[in-house]
Amino acid sequence: MTAKSIMDSVLRDPTDFGDGDYPTALVNVTNVCNLQCSHCFVFRSDNPNDAHDKMNDETMLRHLEALRDKHNIKSMLFMGGEPMIRKDLVMKAAELFEMPAIVTNATYGIPKLPGGLVTVSLDGPEELNDPIRGTGVFKKVKAAVQARDRSDGTTVILQMVLTAQNDQGLEDFVEEVKDWPIDGIALTFYVPCIDDDTGLAWENLADRDQVIDRAIAIKQKYPTLIKANIGALELMYSDRSLNYTGEKGEHCLMLATLPLYMGDGGNFERTFCCYGNDVDCSRCGAYSVFNTSFHRLVKGEDDYHHRTRHVPEYGKE
Ligand SMILES: C[S@@+](CC[C@H](N)C(=O)[O-])C[C@H]1O[C@@H](n2cnc3c(N)ncnc32)[C@H](O)[C@@H]1O
Ligand code: SF4
Ligand code: SF4
């Protein structure tokens, strides 16, 4: 890179996303990842995800600050790729936001984010997680969780993405991790792409209902540990879920979130939704979609944020 091209990239304006307010946003700080999870939406062909597209630290900090002020962003979720590949940047950028959160595969350890939320992805007990996330990943993540300092002010929860290939491990997973030094377990369901042929989605929505029954049962067994509202899980049943997603996202409240993907030439680009482009909304299993609807429609909370820094509220009925 010449001195001029470095200056050009440092001084360029952030991408224009219009004038709307986005209290919640997410940012893919890198398109690079050390894992290749079989269910990952980021690396689908229709999404901005080229590893060569990069934005340097100064530019990203400046753009995030400008977008925060323009769109009134309060809650920022740091994602990737694997965000901890750019840990120093993420820790600086997190200070820009009232409600920072990180979602990580935890293979680089667990970041400290006092007052914030760190979500650690694990997709079942070892024999089900590792075929999805890679050999040895379960043990590595377990060691990272065991090594964390619980008094550092960070809220750490595990997140399991339920798919047609790992759902049988739900109960064993919860039993295995329930005594780990964590603040809870989040459950969410697979978000397929259009014409998904991975075998990870249930054939039809009705086949997912029995997994929702089991998610509700495990919530009833461990009401504090499982960070899910029964009311939100009930909205996912096949006879009503389309009311909260729509065939093409027309009922989805998550479209109020600004997804900042890393696009061409290292410029932010927004995708159709947080889960990228080419998503099959009619089979979407994103818990946050239903939880946001639950709060908005059932409880009448107009400005509910789907992420908060307080776990008791996050899991509250
Ligand atoms: C895309 S990852 C990025 C952050 C980090 N690399 C990680 O794995 O946590 C963010 C979260 O999305 C989840 N995820 C990936 N593909 C998904 C899909 N198709 N449906 C639902 N969740 C998915 C991951 O399991 C992870 O919890
Ligand atoms: S670790 Fe995260 S970003 Fe990387 S492939 Fe897995 S789900 Fe995708
Ligand atoms: S895939 Fe899910 S989160 Fe994305 S727009 Fe559709 S319903 Fe909403």
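Things to note:
Residues are listed down the side, and each one gets a yes or a no for (1) within 15 Å of ligand 2 (Cβ to nearest atom); (2) outside any strand (DSSP E or B):
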site	(1), (2)
PHE78	yes, no
MET84	yes, yes
MET91	no, yes
GLY115	no, yes
GLU127	no, yes
ILE132	yes, yes
LYS142	no, yes
VAL145	no, yes
SER151	no, yes
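- Where ALA286 falls short, out of the listed (1) under 22 Å from LEU117 (Cα atoms); (2) at pLDDT 95 or above; (3) within 15 Å of ligand 1 (Cβ to nearest atom); (4) touching a His at 6+ places or on another chain (Cβ under 9 Å): (4)
- Subset of region 39-88 (residues that are crowded, with 20+ Cβ neighbours inside 10 Å and of a type in the set (Ser, Thr, Tyr)): SER75
- Residue count, region 231-251 (criterion: in a helix (DSSP H, G or I), more than 20 Å from the chain's Cα centre (by Cα) and surrounded by 13 or more Cβ atoms within 10 Å (Cβ to Cβ)): 3
- Qualifying residue in region 213-224 (condition: under 24 Å from ILE157 (Cβ atoms), assigned to a loop (DSSP other than H, G, I, E, B), touching a Lys or Arg at 6+ places or on another chain (Cβ under 9 Å) and at pLDDT 95 or above): yes
- Some residue of region 20-38 being part of a loop (DSSP other than H, G, I, E, B), without any contact (Cβ under 8 Å) to a residue 24 or more places away in the chain and within 19 Å of the chain's Cα centre (by Cα): no
- For region 201-212, the tally of residues that are assigned to a helix (DSSP H, G or I) and more than 11 Å from ASP167 (Cβ to Cβ) stands at 3.
- Residue within region 265-281 that is farther than 30 Å from ARG68 by Cβ and at pLDDT 95 or above present: yes
The values are calculated or read from the model by the stated rules, or taken from the named source; none is laboratory data. Keep in mind that this is a model prediction, so the values were computed, not measured. So basically every Cβ, Gly included, is an ideal-geometry build from the backbone, and we count neighbours across all protein chains shown.
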